[in-house]
Amino acid sequence: MIKIYIEYKTQINNFLYLSIVYGVNIFLPLVLFPFLLHRLGEGLYGKIIFAQTIANYFLVFTNFGFNISSTKSISLNKDNQEKTNIIFSSTIYAKLILFFISLLITILFCIISGINQNDMVLYIASLFICFSDALLPIWFFQGIEKMKYITIVNVLSRILGAIFIILIVRNEYDYIFIPFLYFIGNLVGSIISLYIAIKKENVRLIFVEKKNIIERIKEGYVFLFSDFSSIIKDKGNITIIGMFLGMSYVTYYDLAEKIIWAFRSILYNMNVVFFPYVVKNNIKGKVRKIIWAIFLCSCFLYAILYLFSDKIIYFISRDENMLFINSFIHLMGIYLFLATFSSCIGQFVLITNNLEKLYLKSLLITSISYFFLILFLYITKIFSIESLIIAYNASVLVELIYRIYVCKNKNLIGYII
């Protein structure tokens, strides 16, 4: 055990730091859930979640895959100060440009579609989370494998936003303040994080040529499709539920999804912290051990989720009427080990062996699979939360099978078995 800790000390420490960040990001909304549900009601709460879901699509666009491509570039060039400055600056500039494009699209859509003024303000305010995220260089700290500072700042900023919401949101008429309060807390964290990166890590925000920004975008576009594929499946169900089943059903699904992501975030963090290590130490035996260790963790977490889901639901919602979502959680939980195994193969095997195009192809296949499954549900008129979850899991299974096939075809199966 001590030998393992010494070998992977940096990765283990960064995993703990990152787990705190994502833990706060996941658990604070769970803490706020009963508070907001009580003060706003199921319909308004569902509307806020729906607006945040739309904003999340644009968040993926403004990220443009930089969470992987820029992390990888920083990891490979962290000893070259000049290149690090260029990567750092061009990534932030690219994200800001993409944010303003997103803002313009949102405003035009709201005007053309005739959305009422309150909803228009809600959608635009929700979008500003993309602006604060554009200034948050978490990918930089992941690349240099120093997560301590970003952890402290992120946790404090999220808690600050939650405190603002508890103090200011008193009734259903205050719902419009919620996205603004989230934005203020996140913006404070982003500005402090930039300050730490510049002062503590000596990185510089410099003027860069247009070609540097274009280079960032070219490197990130493959991972953009990756993130879009994920969010189409992750948030597609909420979008469909909001459009066809109603905002109250969005509330039920959202609670189940938040519980799943509380568990999934642990596994996601393992992928994130080991990715720079695997990029630099691309050895089959080591990668195989890492993949299977993470997969076994996913099976263990699903067992805990399955056994204690009813207690978790009641602990969060304090409402016995919410216990019916237990069946949703059991179905959703299958995603834990399917998606974990698939993402490990995608990042640790395909990407590190420069098979980005096949990685992208696997995402296109799974997105197409999801689309046709949803189309089938629509045609047969069997839309329900359960059927949408099954369609989602089936598309992830297709992705996993294809990636294993690619590994076998490219003589990379030794990374897995």
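Nothing in this text is a laboratory measurement; each read-out follows from the coordinates by a stated rule. Please read these numbers as outputs of a predicted model, since none were measured by experiment. Every residue, glycine among them, receives a Cβ derived from its backbone with ideal geometry; neighbour counts consider all protein chains shown.
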Sequence of VAL398, VAL273 once ranked by neighbouring C-beta atoms within 10 Å, starting from the fewest: VAL398, VAL273
Helix runs (DSSP H) in the chain reaching 24 Å along axis by Cα, Kyte-Doolittle at least 0.0: 9-63, 81-113, 148-168, 177-199, 210-244, 247-280, 284-317, 326-344, 356-380, 385-409
Within straight-line cross-link reach of LYS146, lysines at Cα separation under 25 Å, skipping those fewer than 8 residues along the same chain: LYS3, LYS9, LYS72, LYS78, LYS83, LYS95, LYS199, LYS200, LYS280, LYS286, LYS289
Contour excess over end-to-end distance, with Cα ends at ASN80 and LYS357 and 0.36 nm allotted per residue: 96.9 nm
Under 20 Å from LYS361, Cα to Cα: aspartates and glutamates that are on another chain or at least 8 residues apart: GLU219, ASP227, ASP234, GLU399
Segment 1-233 - convex hull of alpha carbons, volume per residue in Å³: 144
Cα gyration tensor shape for segment 186-241, rounded if a/c is under 1.5, else prolate or oblate: oblate
Extension gain, ILE390 back to TYR314 (0.36 nm per residue minus Cα-Cα distance, nm): 25.0 nm
With 20 Å bins from 0: P(r) over the chain, alpha-carbon pairs, percent: 25, 61, 13, 0
Peptides ranked, highest mean first, by Cβ atoms within 10 Å: ranges 151-161, 367-377: 151-161, 367-377
Length released on extending from ILE304 to SER248, taking residue separation times 0.36 nm less the Cα-Cα span: 17.4 nm
LEU167-LYS408 FRET efficiency (beta carbon distance; Förster radius 60 Å; 0.05 resolution): 0.60
Cβ crowding within 10 Å averaged over residues, with 284-290, 88-94 ranked highest first: 88-94, 284-290
Separation in nanometres of the label points that stand 7 Å from Cα toward Cβ, at LEU156 and PHE372: 5.2
Charge dipole (debye, nearest 20) of segment 258-379; +1 at Cβ of Lys and Arg, -1 at Cβ of Asp and Glu: 600
Separation in nanometres of the label points that stand 7 Å from Cα toward Cβ, at LEU364 and PHE383: 2.9
Highest-fluctuation residue, GLN117, GLN142, GLN347 considered, GNM on the chain with Cα pairs under 10 Å: GLN117
Label-point separation, LYS210 to ASN116 (7 Å along Cα→Cβ), nm: 4.5
Segment 356-402 and segment 115-156: distance between their alpha carbon centers, rounded to Å: 29
Residues LYS410, LYS311, sorted so that the one with the fewest Cβ neighbours within 10 Å comes first: LYS311, LYS410
Segment 55-188 - Kirkwood radius from inverse mean 1/r over Cα pairs (Å): 16.3
Cα gyration tensor shape for segment 249-415, rounded if a/c is under 1.5, else prolate or oblate: oblate
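Mind giving me the FRET efficiency for LYS218 and LEU323? R0 is 41 Å, r the Cβ-Cβ distance, nearest 0.05 is fine.
Numbers: r = 49 Å, r/R0 = 1.20.
Between LYS218 and LEU323 the formula returns 0.25.
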For a label point 7 Å along the Cα-to-beta-carbon line of ILE401, residues of segment 324-354 with backbone N under 12 Å: none
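Could you work out [θ]222 nm for the chain from helices alone, using -39500 (n - 2.57) per DSSP H run of at least four and dividing by all its residues? Round to the nearest 500 deg cm²/dmol.
The per-residue figure over the chain is -29000 deg cm²/dmol.
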For segment 1-100: rounded, prolate or oblate by the Cα gyration tensor [a/c cutoff 1.5]: oblate
